[in-house]
Amino acid sequence: MKLKFSLILLAFITVLSGFGQDDFFLKFIGHDFFNNEKLLNTKIKVLDGNVVVNEINTNESNTFKLILPYGKTYDVYLINKKCQIMYLRVFANIPVDKRNRDMIYELDIPFFQRDGERFDTIQFQKPFHQIVFNGVNKFVDDTTYMNHFLKNIVRTVILDTVKSVVNIPKPKEYVQLSGKISLDNDKKSVLKNKTVLLINKKGETIAQAQTTNFGVFVFQHVDADEADGISVMLSKIENPTNAKVTLESSSKDKIAYAIADANQTCVFKNSSAVAIIYKLIDNDFRYNIGGKLISTNGTTKKIVTDRVVYLLGSKNNIIQKSKTNVLGNFLFTKILSGQNYSFAIDTSDIPANEHIEICTVKDKLVTRLDSINNKRYHYKFLSTASSSFNDIVIDDSELKMNVKGKLYGDNKNNPLSNLKVLLMNDQYETIDSGMTDSQGDFSFKYAPYNKQVLLNADNEKNILESFNNIMVFDNEDNLIKLVSLVKGKKFNYKPLSSEQSRIIEVFVDDPWLNLLDREIAAKKAAGSAETIVESILFEVNKTELLPQSLQTLDKVILAMQTNKNFNIELSAHSDSRGSDIQNMTLSQKRANSAKAYIVSKGIDSNRIIAKGYGETNLVNNCGNGVICSEDEHAMNRRVEFKISYL
């Protein structure tokens, strides 16, 4: 019987910024495999001697990351019910004079089946692998120990077979890189629709990508050993003040700054100070995409609500479903880069004289759905940053979430009422808090979107003392999780991805949604106020509203029709280009045009005050004579709606 066994050992070195003199550590990244397939739900336990210093679970991933401070020897146990329990030893006690850098070590870990006939399982009482410092500048594999372990573990395979497997050349590691570039100016202007080059150690281009409207770029299938940095070329129009360019990781950690050279090119390269490429590695990065459905019959347009939108794969298979909300918006998350997708809707109940348009959530037309396939309208696209795909990409900052569920003690006869529940992010920062009602229901509305949330409850009134478990149910009264309680401890629940989707509704944020929600609107105090900013577009030096702006104003009209408990001051603003007097006059006329359209749809004119402010209320420092980019000027060309509650 042959042993199919491969160890792919990858050791990388980097200097990680942001830590003090005493914070040097090894960042250990492991990838778990069983029979050449990704192995999920593995428990990782780190021991310093007999003391457990860390304990995590990979859950729905096969990857784990550990931070191991220098100066100790660690045993890293790998526990999965499908496989043999085993552990590896990390000698991180580097001599003091070598503690001048932090390092990364990455390892693909093949798990063994529990097979006493093939393997001498007693050998697993010892480490199956050892990682040591080479005394100079990196962590390496103890190959002598590894070969000795393989000799002893195999019962039925001859030594030559084992050697031939162990000596297989190390295959290349291919990773996904993701990051964000922006200007280090007062508004942190993102660099959108820019070409980013991936370069090697010779400065040669090995791949290129484009940034989205949010400055995000993605490189796929990158050889991490070959890549050495990225570069991007700017223009004086984009960066007239020659501001520094900021490079961030996809998790929004700042990596480095760069200043454009004489050719307006910014270069970020690996160095002894920071390993750019390894900080950009994010194999889990996914896009959010979405839009808005508008129905038109040639003369009128209306928002399409409560309509199912399908996300299809390359073979027209349904991957996700979404339903348009009261503003016609739909959303899909976890979109892989570089894949072929389609938006599709059923055509069975669409009148023959109507067409469906897909617009961005900012009301820009994307396409008209007129391609029929299996009685569905389709819009096909490739999920790679481009001028067309960028229009449907939605940043995390544009999302909100509603979180709803129910809590019971031990069984459904014990709803946990009047219990204070905290909604937290993965940094254990409180997002929102609330009390359960008499039925144990909790609800958080319009909370900032987080990819991972936690639920926490203090036992302030000893509500939990008589229970051993808390049962978490979704809003449809289906059990999600049974969480064991420890006496004297808080209730903590970190839902898995599959569980989280059952208590969280993620949607595209729009400030008018609050005014359309009667429950939220009813809580607004009389005399209070808030301001909503919209991009109401006009042609240069003209006052006629463009079609995209009419759709935006339709949201205002819908909100004012639904909720009569507020009035608005509609104020138009300009940038600083042109004379002050001309800008004041033009902005007043534009405010009047917007008001006239709203009134034409049946809204009482007494509820609206239209006022032009010209360039008197700039949102940045782009005043007369100040050199600014077009994007910075665009921030000042806006219409504000000051909402005054009655």
(message) Is it the case, given these coordinates, that residue 202 is under 25 Å from residue 397 (Cα atoms) and free of Cβ contacts under 8 Å to residues at least 24 places away in the same chain?
(response) no
(message) Return the pair list, or none, for Cβ contacts closer than 7 Å from residues in the stretch 620-634 that are loosely packed, with under 14 Cβ neighbours inside 10 Å to residues that are aliphatic (A, V, I, L, M), at least 6 apart or on different chains.
(response) 630/237
(message) Condition check: more than 30 Å from residue 492 (Cα to Cα) and either out of contact with any Asp or Glu (no Cβ under 9 Å at 6 or more places or on another chain) or in a strand (DSSP E or B) (or both). Does residue 388 satisfy that?
(response) yes
(message) For the stretch 559-573, check the following and say yes or no: at least one residue is at negative phi, assigned by TED's automatic domain parsing to the domain that holds residue 613, under 31 Å from the mean Cα position of the chain (by Cα) and not charged (D, E, K, R).
(response) yes
(request) Take the residues in the stretch 590-609 that are among the basic types (Lys, Arg), under 19 Å from residue 547 (Cα atoms) and touching a strand residue (DSSP E or B) at 6+ places or on another chain (Cβ under 7 Å), then tell me which one is surrounded by the fewest Cβ atoms within 10 Å (Cβ to Cβ). (result) 595
(request) Go through (1) touching a strand residue (DSSP E or B) at 6+ places or on another chain (Cβ under 8 Å); (2) without any contact (Cβ under 8 Å) to a residue 12 or more places away in the chain one by one and return the number of the condition residue 217 breaks. (result) (2)
(request) For the stretch 379-393, state whether one or more residues are closer than 25 Å to residue 288 by Cα and more than 23 Å from the chain's Cα centre (by Cα). (result) yes
(message) So, in the stretch 220-243, exactly how many residues are of a type in the set (D, E, K, R) and modelled with pLDDT of 85 or more?
(response) 4
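The values are calculated or read from the model by the stated rules, or taken from the named source; none is laboratory data. Predicted, not measured: the structure shown is a model, and the values here were computed from it. Ideal geometry is used to build each Cβ from the backbone, glycine not excepted, and the neighbour counts take in all protein chains shown.
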